[in-house]
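Worksheet for the structure shown next.
The values are calculated or read from the model by the stated rules, or taken from the named source; none is laboratory data. Small disclaimer: the values here were computed from a predicted structure and weren't measured. Note that each Cβ is placed from the backbone with ideal geometry, even for glycine, and that neighbours are counted across all protein chains shown.
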Amino acid sequence: MNSSGKMTNSGLQMSRRIRRTPFTDKAESHGVSGFTVVNHTLLPKGYQKTIEEDYWHLREHVQIWDVACQRQVEIVGPDAAKLIQMLTPRDLRSLRVGQCFYVPIIDDNAGMINDPVLLKLANTKFWLSVADSDLLLWAKGLAVGFGLDVEIFEPDVSPLAVQGPKAEALMTDIFGNQILDIPFFGFKAIPMFGNDQVIARSGYSKQGGFEIYLHGSHFGNELWDLIWKAGQSHNIWPGSPNLIERIEGGLMSYGNEFNISNNPLECGFEHLCCFTDEISYIGKDALKKILLSGPAKKICGIKFGGPKTSACTVPYKVFSESMEIIGEITSAIYSPRLATNVGLGMLKSKYTEIGQAVLVSTSPGKYLDGAVSKLPFDEGS
């Protein structure tokens with residue numbers, strides 16, 4: 001770091017093409033050890049702790065995460081609800097104001113464009129909280145092509161996450177008991193910094209927590225400091241999505257576990273897809289054909305032996321016992337809680353039964369015994 005505390009050796013060549021967030025200064029001041037880029041925006045990847053130390057802390061205490069890379073696509077106007085339904089095979093008729101839905105977004109060939117969280121702020125106003133994808137351009141193209149009466153843009157909204165089993169106690173200390181009224185995958189608008197700040201009970205972990213959708217990037221330092229101060233009595237750490245916890249929890253990563261070449265049925269999202277005539281969406285005919293024939297491959301969990309694996313930067317090939325290549329693992333790590341290597345990957349469908357024996361190749365000529373596991377992983381899977 002330089003004398004001002006700004007990271008100068010993050011491994012990234014910084015320019016205007018990579019956006020800082022309202023919380024990047026705070027992440028740097030707390031000793032962030034590196035960044036990745038999501039939605040053209042910095043995402044901290046760790047602080048001055050090992051991944052296992054960070055994992056155990058997340059499971060036992062509370063962390064503050066800069067996840068402002070989850071950019072919002074705001075769709076507002078008389079035809080907003082119509083366009084939102086066109087984007088996803090999930091039936092949105094039951095979605096109420098104040099609710100969040102996890103929604104697969106597909107193209108005309110049923111390819112996965114993204115898997116955002118959808119927030120319904122009003123009957124004519126929605127946010128799509130986007131993983132790593134240029135979804136805004138797809139939505140704009142459909143709106144223009146179909147002549148829909150909507151506005152589509154990226155608002156000045158940046159999520160800051162509070163994650164871990166002590167998150168509720170910390171947030172209650174700040175906002176009072178009204179926090180307790182927010183259900184899982186629900187949100188509430190709470191006045192703060194001169195705006196209604198959306199606070200959702202959600203996050204990219206299985207440990208429970210909240211995401212504060214900060215409206216007004218110039219309040220970034222003030223919000224971070226507020227949470228950090230209140231978190232001292234709860235043993236708060238700065239953190240980021242933890243790879244061990246993510247894989248154990250079966251949380252998929254767009255661009256890793258799946259991309260536009262995959263469809264929702266391969267990704268395990270069949271329960272989020274409507275095939276009746278009651279709703280229409282882009283890609284429905286293509287998706288129905290895949291349903292009839294069955295997906296050629298499916299995402300699954302895999303446990304495998306051998307020495308402790310580090311995060312795989314190149315996918316591990318997966319073989320059947322007869323040495324047929326049947327797929328690959330795209331995210332993997334050693335789980336200290338389960339005392340085994342765990343991974344997420346896409347395998348040919350006939351090899352995805354729980355308990356199916358497989359061989360995992362972590363390097364050329366090296367094959368480790370493994371087995372398909374249920375998701376999320378647990379001691380008995």
Candidates ILE333, ILE354, ILE326 - the one that is surrounded by fewer than 16 Cβ atoms within 10 Å (Cβ to Cβ) and in contact with a strand residue (DSSP E or B) (Cβ under 9 Å, 6 or more places away or on another chain): ILE354
Residue check, ILE329 modelled with pLDDT of 95 or more and in contact with a Phe, Trp or Tyr (Cβ under 6 Å, 6 or more places away or on another chain): yes
Flag for PHE304 being of a type in the set (Phe, Trp, Tyr) and under 30 Å from ASN341 (Cβ atoms): yes
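Does ILE244 satisfy the condition of being part of a strand (DSSP E or B), within 21 Å of HIS61 (Cβ to Cβ) and touching a residue at least 12 places away in the same chain (Cβ under 8 Å)?
Considered against the rule, which asks whether it is part of a strand (DSSP E or B), within 21 Å of HIS61 (Cβ to Cβ) and touching a residue at least 12 places away in the same chain (Cβ under 8 Å), ILE244 comes out as no.
For every residue, the table says whether it meets (1) modelled with pLDDT under 95; (2) under 17 Å from the mean Cα position of the chain (by Cα); (3) surrounded by fewer than 21 Cβ atoms within 10 Å (Cβ to Cβ).
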position: LEU119; (1), (2), (3): no, yes, no
position: TRP127; (1), (2), (3): no, yes, no
position: VAL130; (1), (2), (3): no, yes, no
position: LEU137; (1), (2), (3): no, no, yes
position: ALA143; (1), (2), (3): no, no, no
position: LEU148; (1), (2), (3): no, no, yes
position: GLY164; (1), (2), (3): no, yes, no
Matching residues, the range 323-381, being polar (S, T, N, Q), assigned to a loop (DSSP other than H, G, I, E, B) and free of Cβ contacts under 8 Å to residues at least 60 places away in the same chain: THR352, GLN356
Selection status of LYS348, surrounded by 16 or more Cβ atoms within 10 Å (Cβ to Cβ), over 21 Å from GLY249 (Cα atoms) and out of contact with any Phe, Trp or Tyr (no Cβ under 7 Å at 6 or more places or on another chain): yes
The range 35-63 - residue that is free of Cβ contacts under 8 Å to residues at least 40 places away in the same chain and more than 25 Å from SER158 (Cβ to Cβ) and, of those, surrounded by the fewest Cβ atoms within 10 Å (Cβ to Cβ): THR50
Yes/no for PRO191 being part of a loop (DSSP other than H, G, I, E, B) and either free of Cβ contacts under 8 Å to residues at least 12 places away in the same chain or over 19 Å from PRO104 (Cα atoms) (or both): no
